[in-house]
Amino acid sequence: MSSDTAHAKRALRAELRERRRIRPCAERDEARDALTTQLVALAQTLGARSLSCYLSTADEPDTRPFLRWACERGVRVLVPVSREDGLLDWALFTDADEIEDAQGMPAPDGEVLGPIAVNEVDLMLVPAAAVDASGMRMGWGRGYFDKTLGSMDRRPPVFAVVFDHEVVDALPAETHDQGVDGVVTPTGIRRFDR
């Protein structure tokens, strides 16, 4: 990795993290409701009977209302559980108690399935710091989702979930970075030709 690319990514992540942190509560609530509508529309359009989606942190676009909607309709939902070795395990979402995983991220307090459990989903919804106009996703620098996406034999449609201002013209990228098939924001769904 070139030091210029690494520096550009760190600076952009810091800026995006700060913008998320200072977002007013009213804007968060509005974004949550609008994002839930978009996520429901995507799942229905794709006819997803199983999906993977992360449990959002306080500063991320809120996925919990969508996860509850999916469970109420019998959609099988897998949530990532990070491991110390940099891989992701998966657990079924049941809207029950949550714990913190190895990286301090929210995870379901239930049976943990192995890394290959995600291979059977119809749709993957992944976190991102930003997504560019070509569909390149920039995560938060730990590489969990890049490793997972890069190792899948059969990838379902993969959509990043971000706020509207986090869809940008171009992002600094490295060879290990994985693109996405689309992005979901509070104002819409965008697909990329990949």
Would you check if ALA96 is within 24 Å of TRP69 (Cβ to Cβ), free of Cβ contacts under 8 Å to residues at least 40 places away in the same chain and part of a helix (DSSP H, G or I)?
no
Looking at the stretch 51-83 only, could you name the residues that are more than 19 Å from ILE189 (Cα to Cα) and outside any loop (DSSP other than H, G, I, E, B)?
ARG68, CYS71, GLU72, ARG76, VAL77, LEU78, VAL79, PRO80, VAL81, SER82
Could you pull out the residue among ARG191, ARG76 that is among the basic types (Lys, Arg), in contact (Cβ under 8 Å) with a residue 12 or more places away in the chain and out of contact with any Cys (no Cβ under 8 Å at 6 or more places or on another chain)?
ARG76
Subset of the stretch 42-67 that is closer than 23 Å to ASP164 by Cβ and open to solvent by 40 Å² or more (accessible area, probe 1.4 Å) - its residue that is modelled with the lowest pLDDT
ALA58
(1) open to solvent by less than 50 Å² (accessible area, probe 1.4 Å); (2) in contact with a helix residue (DSSP H, G or I) (Cβ under 6 Å, 6 or more places away or on another chain); (3) under 24 Å from ARG28 (Cα atoms) all hold for THR187 apart from (1)
Can you pull out every residue in the stretch 123-145 that is surrounded by fewer than 18 Cβ atoms within 10 Å (Cβ to Cβ) and out of contact with any helix residue (DSSP H, G or I) (no Cβ under 9 Å at 6 or more places or on another chain)?
ALA133, SER134, ARG142, GLY143
Can you go through ALA41, ALA26 and tell me which one is of a type outside the set (S, T, N, Q), assigned to a helix (DSSP H, G or I) and touching a residue at least 40 places away in the same chain (Cβ under 8 Å)?
ALA41
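Would you point out which residue out of VAL112, VAL168 is of a type in the set (Val, Ile, Thr), open to solvent by 10 Å² or more (accessible area, probe 1.4 Å), over 24 Å from SER50 (Cα atoms) and free of Cβ contacts under 8 Å to residues at least 60 places away in the same chain?
Working: VAL112 fails: over 24 Å from SER50 (Cα atoms).
Going through VAL112, VAL168 in turn, the sole match is VAL168.
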Right, VAL118: outside any strand (DSSP E or B), open to solvent by less than 20 Å² (accessible area, probe 1.4 Å) and touching a residue at least 40 places away in the same chain (Cβ under 8 Å) or not?
yes
Would a scan of the stretch 89-105 turn up a residue that is under 25 Å from ARG28 (Cβ atoms) and touching a Phe, Trp or Tyr at 6+ places or on another chain (Cβ under 9 Å)?
yes
Go through the stretch 12-41 and give me each residue that's open to solvent by 50 Å² or more (accessible area, probe 1.4 Å) and either of a type outside the set (Asp, Glu) or within 25 Å of ASP89 (Cα to Cα) (or both).
ALA14, ARG17, ARG19, ARG21, ILE22, PRO24, CYS25, ALA26, ARG28, ARG32, THR37
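The values are calculated or read from the model by the stated rules, or taken from the named source; none is laboratory data. Only a predicted model underlies this, so the values are computations on that prediction, with no experimental measurement involved. Cβ: placed from backbone, ideal geometry, glycine included. Neighbour counts: every protein chain shown. To get the accessible areas, we keep the full protein, side chains included, count just its heavy atoms, and leave off ligands, DNA and RNA. Shrake-Rupley method; radii C 1.70, N 1.55, O 1.52, S 1.80 Å.
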